[in-house]
Amino acid sequence: MTKRSNDVLAPSAKRSRKMAAQPNAIAVMARPDKASSCPAAATVVTSTVLSNQESPTKIGRLPLMPSIAPTSAVGANKVTKYAYDMVETFRRDPIQCDQFVAIGGPLSLLVFMKQWQHNEEVQEELFSCLGWFVYCFKEKNLAGKFDVFSFLRKAGVLAAIVEVMRLYPKRSVLQRNGMYMIMYLCEYAHGDNCQQQEMAYDFIHELQGISSIVAACVSHPTVDYVQKVACALLATLCHLGFYNITVMKTEALPTVALAIAVFPHDAFLVNQAADFTEMVLRAYHK
């Protein structure tokens, strides 16, 4: 399978000022069969390597969406290959995410996530694909053309992500990519009928999402890329106004304190953790 470059998936403009000093601090949301060579990027785990000598079949410039039985081993490879090919498409030509919307691509990813819940390797690739789609969609300023964030929210994307994260707590790459998607969905919905706050509210209150972040950190206490994204996601939720809630103090605050203790010299993690801690403590000392 063609190797990917190790370019880092950039954060949104809203938080780029704080992250600018740490350009490689957040790990690339990459194919888990390629170890990153970025100094501060994540070490990724090995996934199933598909036999992919042929060029992907295309609809226009997009890979052909598979339609197979969800119990088939061949089907698992086809779905994984499709998700991989879509990530490569978004990386080469991000503007193709508008055509992906036009053919119902986001809905197909959600359907695949439901169909293949029993296959953690398929889920890792689907998480990566959906994350790259959301990132490219917003970066190319297509939000005015398609109300994808509203669609994804109503289609239950957050519930699907959280459910898969809870099914596979030991898969560090899956946990990282799941938290990436939640962070991007909350950040990038900005200005679209208050969808930032709606996404964050659904995640925190309807899905008890803070416990999923804490569980990811507890399952991977010494995995830096899980801890980094967890701290960044918690800080993002606080910036959206959800700092003055009990669960942030009782569950998230001790988790963040432990992350700082384990990685005291990781500037990005410490910065995000300090940002989160300051907002939560300030709320409780008013």
Quiz item: Label-point separation (nm) for L107 and L64, each offset 7 Å from Cα along Cα-to-Cβ?
Solution: 2.2 nm
Quiz item: Given 0.36 nm per residue, what is the gain on full extension from A261 to R91 after removing their alpha carbon distance, in nm?
Solution: 57.6 nm
Exercise. Give me the percent of Cα-Cα pairs in the range 138-286 that sit more than 24 Å apart, rounded to a whole number.
Key: 29 percent
Quiz item: Listing C129, C238 from the residue with the fewest other Cβ atoms within 10 Å to the one with the most, what is the order?
Solution: C238, C129
Self-check item: Likely footprinting exposure, D147, D224, fewest C-beta neighbours within 10 Å first
Solution: D147, D224
Quiz prompt | Whole-number percent relative contact order across the range 191-286, with pairs defined as alpha carbons under 8 Å at least 6 apart | solution = 31 percent
Practice problem: Would you mind calculating the gained length between T222 and K154 on full extension (0.36 nm times residue separation, minus the Cα-Cα distance), in nm to one decimal? | Solution: 20.9 nm
Exercise. Give, in nm to one decimal, the length gained when the segment between S72 and Q208 is fully stretched (0.36 nm per residue of separation minus the Cα-Cα distance).
Key: 45.7 nm
Self-check item: Ranked V74, V262, V101, criterion: other C-beta atoms within 10 Å, fewest first
Solution: V74, V262, V101
Practice problem: Against the globular-protein guess of 2.2 N^0.38 Å, express the Cα radius of gyration of the range 93-204 as a ratio, rounded to two decimals. | Solution: 1.00
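Read the figures in this text as sums done on the coordinates, not as results from a lab. Not measured: the values here are computed from a predicted model. For neighbour counting, all protein chains shown are included, and Cβ atoms are generated from backbone atoms with ideal geometry for every residue, glycine included.
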